[in-house]
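The values are calculated or read from the model by the stated rules, or taken from the named source; none is laboratory data. Predicted model, so just to flag it, every value in this text is computed and none were measured. Note: ideal-geometry Cβ built from the backbone for every residue, glycine included; neighbour counts use all protein chains shown.
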Amino acid sequence: MTFNPARHLVPLHQTNLDAAAVARQQAQSAPVRDFLDYYIGIHPCDALPARAVFDPSAIRRLLPNLVLAEVVHQPDAARPRFRIKVAGEEVVQAMRMPLIGRFMDEIANTHEPTARFPIESRHSVVDNGCMVYRRGQPRMRFSLDYAEVEYAHCPLADDGITVDHIVTINYYKALESVTG
């Protein structure tokens, strides 16, 4: 499914900006809140933010928690693929594998039933032109055990409408060790 702005009554940019504001209110971790503050700050009033206005140096301390994925449309595929352009150290450590330059569907463990979550949630961003926020127990396996994950997938669009990159902030809350 491709996003069609003509069928939406509320403008795309406003829907995304509203969703980001709600996610900002719900966010529990400081890195996710700070990232959403930055994203809302670069979001124009009449379009989605472009990749060119997203300046990683402005949020340098959040870089370990970021993933930037390029949306790649292929003529013979019904859905786009996501190529990882940037992956911060916290994300690489959680996944315990090289990520940069790889497609998400190549990384996903096809034997794991939850492996499609990171891909499908990004498809939702592309289809709807609206960010996705989630906080809760992990729905997929990581190399380390986490009590909770919190993330926001945020669209970037050079033309202001067509999502061509998705920037994601990830926060992994470690399990508390039990001492006896």
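Conditions (1) under 23 Å from GLN25 (Cα atoms); (2) modelled with pLDDT under 75; (3) part of a helix (DSSP H, G or I); (4) more than 11 Å from the chain's Cα centre (by Cα), marked per residue:
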site: VAL86; (1), (2), (3), (4): no, no, no, yes
site: GLU90; (1), (2), (3), (4): no, no, yes, yes
site: ALA94; (1), (2), (3), (4): no, no, yes, yes
site: ALA115; (1), (2), (3), (4): no, yes, no, yes
site: SER124; (1), (2), (3), (4): yes, no, yes, no
site: ALA147; (1), (2), (3), (4): yes, yes, no, yes
site: GLU150; (1), (2), (3), (4): yes, no, no, no
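So which pairs qualify, if the first residue must be in the stretch 78-104 and on the phi > 0 side of the Ramachandran plot, the second must be assigned to a loop (DSSP other than H, G, I, E, B) and surrounded by fewer than 18 Cβ atoms within 10 Å (Cβ to Cβ), the Cβ gap must be under 6 Å, and the two must be at least 6 apart or on different chains?
Here the result reads ARG96/SER143, each pair linking the stretch 78-104 to a residue that is assigned to a loop (DSSP other than H, G, I, E, B) and surrounded by fewer than 18 Cβ atoms within 10 Å (Cβ to Cβ).
Looking at the stretch 34-73, which of the residues that are in contact with a strand residue (DSSP E or B) (Cβ under 7 Å, 6 or more places away or on another chain) and of a type in the set (D, E, K, R) is nearest to ILE161 (Cα to Cα)?
Per the stated criteria, the residue is ARG51.
Kindly indicate which of ARG139, ARG102 is closer than 20 Å to ALA27 by Cβ and at pLDDT below 95. Show your work before the answer.
Values: ARG102 fails: closer than 20 Å to ALA27 by Cβ.
So the residue among ARG139, ARG102 that is closer than 20 Å to ALA27 by Cβ and at pLDDT below 95 is ARG139.
I'm trying to understand the selection: among the residues of the stretch 31-64, which are of a type in the set (Gly, Ala, Ser) and at pLDDT below 95? Before you say what the answer is, go through the steps one by one.
Applying the first criterion (of a type in the set (Gly, Ala, Ser)) to the stretch 31-64 yields 41, 47, 50, 52, 57-58.
Answer for the stretch 31-64, where residues must be of a type in the set (Gly, Ala, Ser) and at pLDDT below 95: ALA47, SER57.
Sort through ARG96, ARG51 and tell me the only one that's within 21 Å of PRO155 (Cβ to Cβ) and of a type outside the set (A, V, I, L, M).
Values: ARG96 fails: within 21 Å of PRO155 (Cβ to Cβ).
ARG51 is the lone residue from the list that is within 21 Å of PRO155 (Cβ to Cβ) and of a type outside the set (A, V, I, L, M).
Yes or no: ARG134 on the phi < 0 side of the Ramachandran plot, at pLDDT 95 or above and outside any helix (DSSP H, G or I)? Steps first, please.
Working: on the phi < 0 side of the Ramachandran plot: yes; at pLDDT 95 or above: no; outside any helix (DSSP H, G or I): yes.
No, not satisfied.
Taking ARG24 as meeting all but one of (1) surrounded by fewer than 18 Cβ atoms within 10 Å (Cβ to Cβ); (2) of a type in the set (D, E, K, R); (3) within 25 Å of ARG135 (Cα to Cα); (4) in contact with a helix residue (DSSP H, G or I) (Cβ under 9 Å, 6 or more places away or on another chain), write down the number of the exception.
(1)
Within the stretch 68-79, which residues are surrounded by 13 or more Cβ atoms within 10 Å (Cβ to Cβ) and at pLDDT 95 or above? Step through it out loud before you land on a result.
Filtering the stretch 68-79 down to residues surrounded by 13 or more Cβ atoms within 10 Å (Cβ to Cβ) leaves 68-71, 79.
LEU68, ALA69, GLU70, VAL71, listed by residue number.
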